[in-house]
Amino acid sequence: MSPESFLSIARSSFHAGLLEGTLTVDSDGIASNADRGNAQSRAYSAHIARALKQETVHERAAGQTLGGSFEKAVVGLLNETFPRFDMLRPGEWEVRNLGSARKANHIAQYEPYTHLGYLDQAVTDNPQLLAVLGNAYAIAPDVIVSRAPVPDDVINSDAVLVDSEVGNLSPIRLRRPGQSRILHAVISCKWTLRSDRAQNARSEALNLVRNRKGRTPHIVVVTGEPTPSRISSLALGTGDIDTVYHFALPELKEAVNELGTDESRELLSMMVEGQRLRDIADLPLDLSV
């Protein structure tokens, strides 16, 4: 029997952490990611909880508390796994959960969005601009992945690849102290999905696409939503979100195959086969692309 892989162990550890307070089951047998008023949601989420060996009973925490703990769990998984794949994408990486520090246009600290800082200052100096711009440039991400610019001595370690005459405008070269890091990915974490949460994720993704001055970062959503129809509100379609990642996709597929309707099974299969929905364990690999 072959040994269990590092990524498989990390996935199990991620789920074990969620079982300590995020993915809970109350005294009525309803899991914390279920919609109490939706029979399918209750059935799928309970099946997933059992598959992940949830044995404790807790009352559901407030939505904001669950959302925050889910974000921290996702950050923990990425900090554990993504750097280990540096053979695929070398670099000095940082994964951050902004948490209480989250505010609109925090990403103005990063390339290719530094110009949004100047825009914020212009709106502060002239509030009438806000009536014109609205929230079309407001971006307040949950989790960000960034990389540091690279010094020339690292770039030239094997051969003289760059000099002072060429390639001076690329943000990947470290040209001055305090130079901005490069935004590699923006990750929206949604423990559950309702129509407003799905719309917020799409709006933020479109703002990221429209307001960049350079390459678009990875734009993804990680969710614990158990209902395929609600997942499809984000996963179907292209042009804004790269991919949706489920916190326990194999377990969700098992739940839907056993308990769902033909329609829900077909919808889930379409999202997976259409490369719109993947498992959380795929995320650190996809960030290496």
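The values are calculated or read from the model by the stated rules, or taken from the named source; none is laboratory data. On a predicted model such as this, the values are computed, not experimentally measured, just so you know. We place every Cβ from the backbone using ideal geometry, glycine too, and count neighbours over all the protein chains shown. Note: areas computed on protein heavy atoms with side chains; ligands, DNA, RNA excluded. Shrake-Rupley method; radii C 1.70, N 1.55, O 1.52, S 1.80 Å.
The figures follow:
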| quantity | calculated |
| --- | --- |
| Pair list, Cβ under 6 Å, 6 or more apart: region 9-28 residue more than 21 Å from THR81 (Cα to Cα), other residue open to solvent by 60 Å² or more (accessible area, probe 1.4 Å) and charged (D, E, K, R) | ASP26/GLU59; ASP26/ARG60 |
| Residue ID - least open to solvent (accessible area, probe 1.4 Å), chosen from residues in region 249-285 that are closer than 16 Å to ARG42 by Cα and in a loop (DSSP other than H, G, I, E, B) | GLY260 |
| Criterion (among the aliphatic types (A, V, I, L, M), without any contact (Cβ under 8 Å) to a residue 24 or more places away in the chain and either in contact with a helix residue (DSSP H, G or I) (Cβ under 9 Å, 6 or more places away or on another chain) or outside any loop (DSSP other than H, G, I, E, B) (or both)) met by exactly one of VAL160, VAL154, VAL244, VAL186 | VAL154 |
| Residue selected from region 211-234 under the condition of a type in the set (Gly, Ala, Ser) and at pLDDT 95 or above, by the criterion surrounded by the most Cβ atoms within 10 Å (Cβ to Cβ) | GLY224 |
| Index of the failed condition, ARG11 passing every other in (1) modelled with pLDDT under 95; (2) open to solvent by less than 80 Å² (accessible area, probe 1.4 Å); (3) charged (D, E, K, R) | (1) |
| Unmet criterion (only one of (1) open to solvent by 40 Å² or more (accessible area, probe 1.4 Å); (2) closer than 30 Å to ALA39 by Cα) for ALA159 | (2) |
| Residue list for region 180-201, filter: at pLDDT 95 or above and either surrounded by fewer than 14 Cβ atoms within 10 Å (Cβ to Cβ) or aliphatic (A, V, I, L, M) (or both) | ILE182, LEU183, ALA185, VAL186, ILE187 |
